[in-house]
Amino acid sequence: MPANENFFPLQNRIEWSLFLLRLGVFIVMFAWTLDKLLNPGHGVRVFEHYLFIEGVGRTVMMTLGAIELVIIVAFLLGLWKRYTYGFILVVHAISTFSSWKQYTVDISLLFFAAWPMLAACITLYLLRDLDVKFTLSAPRSLHEA
C-alpha cells in the first residue's frame with residue numbers, strides 16, 4: 001500500500017471529495033438564489049424565457065428565493081439529505097434541460113457548465129449517506145452505506 005494511503009485513507013478522500021462537491025454546488029445555487037432576492041425582475045424574466053411560466057411577480061420571486069435560501073443552507077449543512085439533495089438535483093435538472101436551445105440553436109458555451117454540475121448533483125444525491133464531512137447529520141462509514 002502506498003504511504004499516502006495511510007495518511008489519507010479512502011474514507012477520508014471520499015468525505016473530502018463529497019464535501020467539495022457540496023460546497024461547489026452550494027456556491028452556484030447561492031448565487032442564483034441571491035439573484036432571485038436582489039434582482040427579482042431577472043428571475044421573473046428567466047421563468048418566462050426558459051420555463052415558459054408567465055405572471056410570476058417580483059414578490060412571488062422573492063418568496064421563492066427566501067424558501068430556496070432555507071433549503072440550500074440546509075443542503076450545505078447536510079440536513080434532511082433525501083429532500084434537500086433531491087431538491088437541488090431536481091431544480092438544477094429543470095434548469096439544465098429547460099435551456100436546451102442554448103445547446104442546439106443559440107449555442108452559448110457558458111450553458112454547458114450546467115452539465116458537470118448536474119453530474120455533481122446526481123453524484124451527491126446517490127452518495128448522500130457518505131457525505132458526512134462538516135454536516136450536522138449523523139456520520140456513516142463507507143462500510144455501513
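Output the number of residues of segment 107-131 satisfying the condition of being in a loop (DSSP other than H, G, I, E, B) and either without any contact (Cβ under 8 Å) to a residue 40 or more places away in the chain or over 16 Å from the mean Cα position of the chain (by Cα) (or both). Outline the logic, then answer.
So the first thing to find is which residues in segment 107-131 are in a loop (DSSP other than H, G, I, E, B), and the list is 107-108, 127, 131.
After this cut, where a residue has to be either without any contact (Cβ under 8 Å) to a residue 40 or more places away in the chain or over 16 Å from the mean Cα position of the chain (by Cα) (or both) as well, the list is 107-108.
So the answer is 2.
Among the residues of segment 25-40, those that are exposed (fewer than 14 other Cβ atoms within 10 Å of the Cβ) and over 19 Å from Ser98 (Cβ atoms) comprise Ile27, Leu34, Leu38. Being surrounded by 15 or more Cβ atoms within 10 Å (Cβ to Cβ), more than 21 Å from Phe47 (Cβ to Cβ) and small (Gly, Ala, Ser) is a condition met by no residue of segment 99-110. For segment 125-133, the criterion of being surrounded by 15 or more Cβ atoms within 10 Å (Cβ to Cβ), aliphatic (A, V, I, L, M), closer than 23 Å to Ile14 by Cα and in contact with a Ser or Thr (Cβ under 6 Å, 6 or more places away or on another chain) is satisfied by no residue at all. If you go through segment 58-106 and keep only what is basic (Lys, Arg) and either within 30 Å of Lys133 (Cα to Cα) or within 15 Å of the chain's Cα centre (by Cα) (or both), you end up with Lys81, Arg82. Residues of segment 46-95 that are free of Cβ contacts under 8 Å to residues at least 60 places away in the same chain, within 19 Å of Val25 (Cβ to Cβ) and either touching a Phe, Trp or Tyr at 6+ places or on another chain (Cβ under 7 Å) or of a type in the set (D, E, K, R) (or both): Glu68, Ile71, Ile72, Ala74, Phe75, Leu76, Lys81, Arg82, Thr84, Tyr85, Gly86, Leu89.
Any read-out appearing in this document is the output of simple, stated calculations on the displayed coordinates, not a laboratory observation. It should be emphasised that the depicted structure is a prediction, and the values quoted were computed from it without experimental measurement. Cβ: placed from backbone, ideal geometry, glycine included. Neighbour counts: every protein chain shown.
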